[in-house]
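A quick write-up on the structure given underneath.
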Amino acid sequence: MPTPREILAALLPNLKVAAGYAQKIQASIVAQPDKFESDNFFATALTDADLSIQTFMEVTLLSLFPDIRFYGEEFEQTYNTKYFRSIEFGPQDDYLVTLDPIDGTRFYMDGHPNYQIILTILNADGFEAVIALSPALNTLYYTLRGQGTFIGTLADDLDSCQPLKIDTPKNQVILSWKMGYLADTLSKHFGVINVQPDYDRKVAIPNTNGLLTGDLTGAILASGKFIDGGALSWMASEMGYIMTDHQGNKLPELSTCQDYQWPGVVVGSTPEVHSQLLAALA
């Protein structure tokens, strides 16, 4: 089995192609029917780009790593899921690769720049690596377990990226869908981005990736999906931020969780910020 870094390095050229494609067609993107019925317009959004990028990366993975486990967000709608060994977690060190082909599809559909392509490498006990490409921002982030989080441009390879450190993030926190009831309490200490009422089709608001851009000092997520919000939260934690569940406990091992997600995540840039977020939940 190749190392997580070797997998990222091998996939990076194709991820850059996918990023170029996503940016090229954004202005004329065609939406697909909603994936399912829900009042959460973030969760249901789907475009040609989601399906095309997932198919492209599935073909890449089957060519380069034919025995890899793989779970893609659009696994129910692509033609290649059946060709992978499994979409489930395996034993320790039998990695599961996941993909969110367009994280922030609603942002993407509305012409906003803060969407990304996120690929993760998961072990039974935790994240091994994440790479996130932001095409419209010409930015590449990646994280390796125990080695930190790195930043570069889309022209860079892994070796050219530099360690990411944010000393003074904006005093803003983000509340995911279903967490808006905390807004009044937290507004005494922070600027609060409550995504459900605050989303604007014309004016971009930070997404969870604001943890990596310095636009957010913290986040409270109703669930931490391993393919997107959970991955970005873990990247922030490897950068030095504090990440726990809603009770302040260590998050469980990935393979023990249901539906590829942690039950709830709190991220704070400092112990003080993290404590204030937990206090609001108490």
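Annotations for the structure displayed:
- Every listed requirement among (1) more than 29 Å from Met109 (Cα to Cα); (2) touching an Asp or Glu at 6+ places or on another chain (Cβ under 6 Å) is met by Ser160 save one, (2).
- Exactly one residue out of Ile102, Ile131 is among the aliphatic types (A, V, I, L, M) and over 19 Å from Ser237 (Cα atoms), and it is Ile102.
- Count of the range 96-148 residues which are touching a residue at least 60 places away in the same chain (Cβ under 8 Å) and part of a loop (DSSP other than H, G, I, E, B): 14
- The one condition in (1) outside any helix (DSSP H, G or I); (2) farther than 30 Å from Ser86 by Cα; (3) over 15 Å from the mean Cα position of the chain (by Cα) that Pro197 fails to fulfil: (1)
- The criterion of being within 20 Å of the chain's Cα centre (by Cα) and modelled with pLDDT of 95 or more does not hold for Leu277.
- Residues that are out of contact with any helix residue (DSSP H, G or I) (no Cβ under 9 Å at 6 or more places or on another chain) and modelled with pLDDT under 90 within the range 84-117 comprise just one, Asp110.
- Subset of the range 219-229 (residues that are out of contact with any helix residue (DSSP H, G or I) (no Cβ under 7 Å at 6 or more places or on another chain) and not in a loop (DSSP other than H, G, I, E, B)): Lys225, Gly229
- Just one residue in the set Leu211, Leu216 is surrounded by 24 or more Cβ atoms within 10 Å (Cβ to Cβ), touching a helix residue (DSSP H, G or I) at 6+ places or on another chain (Cβ under 7 Å) and assigned to a loop (DSSP other than H, G, I, E, B); that residue is Leu216.
- Filtered residue count, the range 177-203, keeping only those that are farther than 22 Å from His246 by Cα and surrounded by 13 or more Cβ atoms within 10 Å (Cβ to Cβ): 2
- Tally, over the range 230-276, of residues that are in a helix (DSSP H, G or I) and either buried (at least 17 other Cβ atoms within 10 Å of the Cβ) or not assigned by TED's automatic domain parsing to the domain that holds Leu211 (or both): 13
- Selection within the range 147-176: residues that are of a type in the set (A, V, I, L, M) and closer than 15 Å to Val267 by Cα. The member of this set that is surrounded by the fewest Cβ atoms within 10 Å (Cβ to Cβ) is Ile166.
- Some residue of the range 13-32 being at pLDDT 95 or above, surrounded by 16 or more Cβ atoms within 10 Å (Cβ to Cβ), within 17 Å of Asn207 (Cβ to Cβ) and outside the structural domain of Asp198 (by TED's automatic domain parsing): yes
- Phe65 meets each of the listed conditions (1) modelled with pLDDT of 95 or more; (2) under 17 Å from Ile227 (Cβ atoms) apart from (2).
- Residue check for Ala155: free of Cβ contacts under 8 Å to residues at least 60 places away in the same chain and assigned by TED's automatic domain parsing to the domain that holds Gln116: yes
- A single entry from Ala183, Ala124, Ala132 fulfils the requirement of being of a type in the set (Gly, Ala, Ser) and under 16 Å from the mean Cα position of the chain (by Cα): Ala132.
The values are calculated or read from the model by the stated rules, or taken from the named source; none is laboratory data. Keep in mind the model is a prediction, meaning the values are calculated, not measured. FYI the Cβ positions are ideal-geometry reconstructions off the backbone, even for glycines, and counts take in every protein chain you see.
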